[in-house]
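Input: a single structure, listed below in structure tokens.
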Amino acid sequence: MTSTPTSQFTGYAAAWIIVFVWSFWLVVSRIAENSGLTIYDLAALRYGLAAVVALPLCLYYKPWRGMGLGQMAVLSFILGPLYILCVFGGFLFAPAAHGGIFMNGMLPIFGIAIGIAVFGNRPGLRQAVGAVMILASAVVLVWDAAQISGDAVWVGDALFMVGALFFSVYVILSERWQLGAMQIIFCGTIINAVIYLPVWALFLPSGLADAPTGPLLLQAIYQGFVPNLAGLLLIAHASRRIGNANTSSILAAVPGMGAVLGALILGEGIGPIGIAALGILTLGLLISVRRRKPLTPPTPV
């Protein structure tokens, strides 16, 4: 596809919009507890409402064609309730900023570790240097948060890292299996809605009936539609228009933007040491960017 100034502008715009989308998602997820909703309700909104939009598209495009049952099962599990409940659970213990730091920030670390352990891929010098910077800054950020917010923060950070591990596997598999956007939506949304929603309705604690209308609508719109569906389309557009390297470089701003929004909207503090570590982490993410276009664009939320 020939690049034009207009197409480049829309690509950069899409990338920066998704930075704000993901960063604000951190804040929305952090305040969900105050709405009376449980993390199980948030997962139900994520799968159920997205499935309403995705079902007609999947019936039209039939994305299950060309996928084996094993592929569908693995991808659905990786993007399933265990993954998203770990993420939502992390916000019960840790600040919103840590969601961006430990989910987005740890992706290169887990990607390198999985590549070495499973595929025997050795990281290049850039990736190794970036990974060391990310890991060192993450350790400092955990320590700094414990001084400010209390010792329980590490529990949330650990849950975020489990979510990042799940997503790292998804990124690797989606690239190796050359999965299309509709195949990802089908497995991540439709299949999980069919499996999870009955379990949630019958067995899991819920505050949905008593939740105030305003907070409920915010969570419904944001968890159900914005990052899941709109995010995937925006990343796909940005990757096509400006390339994966430029898109990934812009998305490295998510941890920093999440920290800024957490401070402005939620009043979450971060000390001078934490600010310095966040800068090092962002630089490490930029260094770790792989200079090639992936086969399918990922979406980390």
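Across the range 121-134, the qualifying residues are those that are within 23 Å of the chain's Cα centre (by Cα) and touching a residue at least 60 places away in the same chain (Cβ under 8 Å), and the one among them that is farthest from V155 (Cα to Cα) is Q127. You will find that of I116, I112, the residue that is without any contact (Cβ under 8 Å) to a residue 60 or more places away in the chain and either basic (K, R) or surrounded by 16 or more Cβ atoms within 10 Å (Cβ to Cβ) (or both) is I112 and no other. Has the range 101-108 got any residue that is aliphatic (A, V, I, L, M), in contact (Cβ under 8 Å) with a residue 12 or more places away in the chain and not in a helix (DSSP H, G or I)? Within the range 101-108 (the criterion being aliphatic (A, V, I, L, M), in contact (Cβ under 8 Å) with a residue 12 or more places away in the chain and not in a helix (DSSP H, G or I)), the answer is yes, since at least one residue qualifies.
Within the set L264, L234, L218, L229, the sole residue that is closer than 22 Å to E33 by Cβ, hydrophobic (A, V, I, L, M, F, W, C), part of a helix (DSSP H, G or I) and touching a residue at least 60 places away in the same chain (Cβ under 8 Å) turns out to be L218. Only one of the numbered conditions (1) crowded, with 18+ Cβ neighbours inside 10 Å; (2) out of contact with any helix residue (DSSP H, G or I) (no Cβ under 7 Å at 6 or more places or on another chain) is not met by A96, and that is (2).
One residue stands out among those in the range 182-216 that are of a type in the set (V, I, T) and out of contact with any Cys (no Cβ under 9 Å at 6 or more places or on another chain): the one that is modelled with the lowest pLDDT, which is I184. Within the option set D157, D144, being of a type in the set (D, E) and either at pLDDT 85 or above or outside any helix (DSSP H, G or I) (or both) holds for one residue only, D157. Checking each residue in the range 67-82 for being in contact with a helix residue (DSSP H, G or I) (Cβ under 8 Å, 6 or more places away or on another chain) and surrounded by fewer than 15 Cβ atoms within 10 Å (Cβ to Cβ) picks out only L82.
Contact annotation: residue pairs with Cβ atoms under 6 Å, 6 or more positions apart or on different chains, pairing a residue in the range 67-83 that is within 19 Å of L42 (Cβ to Cβ) and in contact (Cβ under 8 Å) with a residue 24 or more places away in the chain with a partner that is among the hydrophobic types (A, V, I, L, M, F, W, C) and part of a helix (DSSP H, G or I), are S76/C187; S76/I191; I78/F166; I78/V169; P81/A43; Y83/F166.
Yes/no matrix, rows are residues, columns are (1) among the aromatic types (F, W, Y); (2) buried (at least 20 other Cβ atoms within 10 Å of the Cβ); (3) within 23 Å of S29 (Cα to Cα); (4) more than 14 Å from the chain's Cα centre (by Cα):
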residue: A138; (1), (2), (3), (4): no, yes, yes, yes
residue: V155; (1), (2), (3), (4): no, no, yes, yes
residue: L159; (1), (2), (3), (4): no, yes, yes, no
residue: G163; (1), (2), (3), (4): no, yes, yes, no
residue: Y170; (1), (2), (3), (4): yes, yes, yes, no
residue: L173; (1), (2), (3), (4): no, no, no, yes
residue: I185; (1), (2), (3), (4): no, yes, yes, yes
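The values are calculated or read from the model by the stated rules, or taken from the named source; none is laboratory data. All of these numbers come straight from a predicted model, not from anything done at the bench. Please note: Cβ atoms are built from the backbone with ideal geometry, for glycine as well, and neighbour counts cover all protein chains shown.
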